[in-house]
Amino acid sequence: MTPAQARELFADVGQILQFVSTDTRFPIRHTVKSRLITRAEVEKYLVSKMNDDKDAKRMEREEIVLKKFGLIDPDFQLRPFLVKLLDEQIAAYYDSKTKTVNLLDWIAPEQQKPVLAHELTHALQDQDVNLDKWESPGSDDISRTYKQDQQHVATDEDDTAREAVVEGQAMAVFVDYSLKPIGRNLRSSPELLEPLIEQMTGDDSSRDPVLARAPLLLQESLLFPYKYGLKFEGDLIADDKDPSAPFAGVLARPPASSYEVMNPHEYERHVTVPLLTMPDIHSVIDADYNPYDIGVMGELDVRILSELFGGPDAVKEFTPAWDGGIYYAAQRKDAPDKTSTDSVALFYLSQWTSEDVAADFARMYTHELGQQFSQVTRDTQDESDPSEQIYQTNQGPVLIVTKGKDVFVSESFPLALARKLEFFMVSAQDQSGAQIASGPRPRNPISPGRSEADSSPWPDLTGNLVRFMAGCGLMKAALIH
């Protein structure tokens, strides 16, 4: 960008900021700094984020669990691929610490202006709620006790949902600014929403060959806050007569789960999200295993897993039928290689809206064991009743139990221990009343009587990826033409 073009762009910052304020009803409390950055500065920024960001640290730790579930290949190297992908994808970013919008110096001003509207939305969000506090910084600590397990599950998807709100609002302003020359916006023309969202795809090699080569998990995680966040905001804008409700109103009462983001009308109706109960399992695993990871398997996780394992038809069947899910991973204390999936055992309990769907999900999961493990053979002799399926693999036994609307999966735990865990998990759901997701937290995320550690959420399975990538800045794959 030439100096003259840069002056032209920055001369419009005040005008675009006023448009954002009018569109969202967020007040302008003070001016917003903006600057141009070079490719070298972007690369330095990404390396710093990868080294220091807590979501990045949790994400790297969780890589083994993602591989264990079969969501990425065992030999896939997540960190170097992410750096390359994000280097190509970042279009701009707002730095909440320096309160500065950072724009790229190799993109023409006219292309930058809708992007600037998007990033200035983040600036006004920050002025309204302080994004660093509103989006909890979380913790990279491991849940080691029953009490911590319960706390992590109860607040599990908060920040994934909040990331979708932040980006969805900014995408709505991006669209409205882009439509301004023809006198239209999402409120006056809600029929434009679906065609615009359909433009967001991760498989267009002509726009970004790196993203096209990315595993489905990365494509979906990268696009989730923009695609579903925009759908969430667009539906609220169409439904609510108060122009501020989809913006300041949602920041005051944010969704608590990917389910609410992906089903905006359920959020509007204040429908509570089911959570499965986590029993105290430490007495049966802590002698031989160290706790490694715990989390909710939310609707976004189920959608990605279903598409990867079963394709579009599986997505249509399982995503709307999801009725709760939880997973737990532990690492063998005597494992010689703590970086290998061989060192980790996990279980996953899911609930579905019907017994038929539960049986179909168990069948799909069983069919994909060959993608997760080698030397997979059915072990019918050890199966105690028709509800069980047992498979021997190169990483130990896999137990799949289908009981009514519940599906329990254990991978790599010894069979006797796997059965104990299944009994604990299923019994806990039968004996407890339904839990719900934590719901809206106050703007100060620490409530009376709780410590900072107590309020730190443990994101859902894909949440760390979603948050880290969205936290790096606006992605080109989300830019609508």
Return the residue satisfying two criteria in turn: it lies in region 335-358 and is in a strand (DSSP E or B) and among the polar types (S, T, N, Q), and of such residues it is surrounded by the fewest Cβ atoms within 10 Å (Cβ to Cβ). 351
Only unsatisfied item for residue 141, checking (1) buried (at least 17 other Cβ atoms within 10 Å of the Cβ); (2) within 30 Å of residue 250 (Cα to Cα); (3) at pLDDT below 90, is (1)
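Yes/no matrix, rows are residues, columns are (1) crowded, with 21+ Cβ neighbours inside 10 Å; (2) farther than 20 Å from residue 129 by Cβ:
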{"site": "241", "(1), (2)": "no, yes"}
{"site": "244", "(1), (2)": "no, no"}
{"site": "252", "(1), (2)": "no, no"}
{"site": "258", "(1), (2)": "yes, yes"}
{"site": "268", "(1), (2)": "no, yes"}
Which residue, of 357, 344, is β-branched (Val, Ile, Thr), modelled with pLDDT of 95 or more and closer than 29 Å to residue 255 by Cβ? 357
Among the residues of region 311-334 satisfying the criterion of being of a type in the set (Asp, Glu) and more than 27 Å from residue 345 (Cβ to Cβ), which is surrounded by the fewest Cβ atoms within 10 Å (Cβ to Cβ)? 313
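Per-residue answers, yes or no, for (1) under 20 Å from the mean Cα position of the chain (by Cα); (2) charged (D, E, K, R):
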position: 303; (1), (2): yes, yes
position: 309; (1), (2): yes, no
position: 322; (1), (2): yes, no
position: 328; (1), (2): yes, no
position: 338; (1), (2): no, yes
position: 357; (1), (2): no, no
position: 361; (1), (2): no, no
position: 372; (1), (2): no, no
position: 386; (1), (2): no, no
Do we have any residue at all in region 219-226 that's modelled with pLDDT of 95 or more, farther than 18 Å from residue 467 by Cα and either crowded, with 24+ Cβ neighbours inside 10 Å or outside the structural domain of residue 27 (by TED's automatic domain parsing) (or both)? no
Can you confirm whether residue 8 is touching a strand residue (DSSP E or B) at 6+ places or on another chain (Cβ under 9 Å) and surrounded by 12 or more Cβ atoms within 10 Å (Cβ to Cβ)? no
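Could you check how many residues of region 359-400 are without any contact (Cβ under 8 Å) to a residue 60 or more places away in the chain and in a loop (DSSP other than H, G, I, E, B)?
Result for region 359-400: 12.
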In region 270-308, the residues that are of a type in the set (A, V, I, L, M, F, W, C), under 26 Å from residue 214 (Cβ atoms) and crowded, with 22+ Cβ neighbours inside 10 Å: 296, 297, 300, 302, 304, 305
Taking region 115-135 only, how many residues are within 14 Å of residue 475 (Cβ to Cβ) and more than 21 Å from the chain's Cα centre (by Cα)? 1
Any residue at all in region 54-66 that is surrounded by 18 or more Cβ atoms within 10 Å (Cβ to Cβ) and on the phi > 0 side of the Ramachandran plot? no
Only residues in region 24-41 that are closer than 25 Å to residue 175 by Cβ count as the first member; pair them with residues that are small (Gly, Ala, Ser) and assigned to a loop (DSSP other than H, G, I, E, B), Cβ under 9 angstrom, at least 6 apart or cross-chain, and list the lot. 24/244; 25/244; 26/244
Among residues of region 101-116, those that are in a helix (DSSP H, G or I) and in contact (Cβ under 8 Å) with a residue 40 or more places away in the chain, counted: 6
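The values are calculated or read from the model by the stated rules, or taken from the named source; none is laboratory data. Here the structure is a predicted model, which is why all the values come from computation and not from measurement. Glycine also receives a Cβ, built like all others from the backbone with ideal geometry; neighbour counts cover every protein chain displayed.
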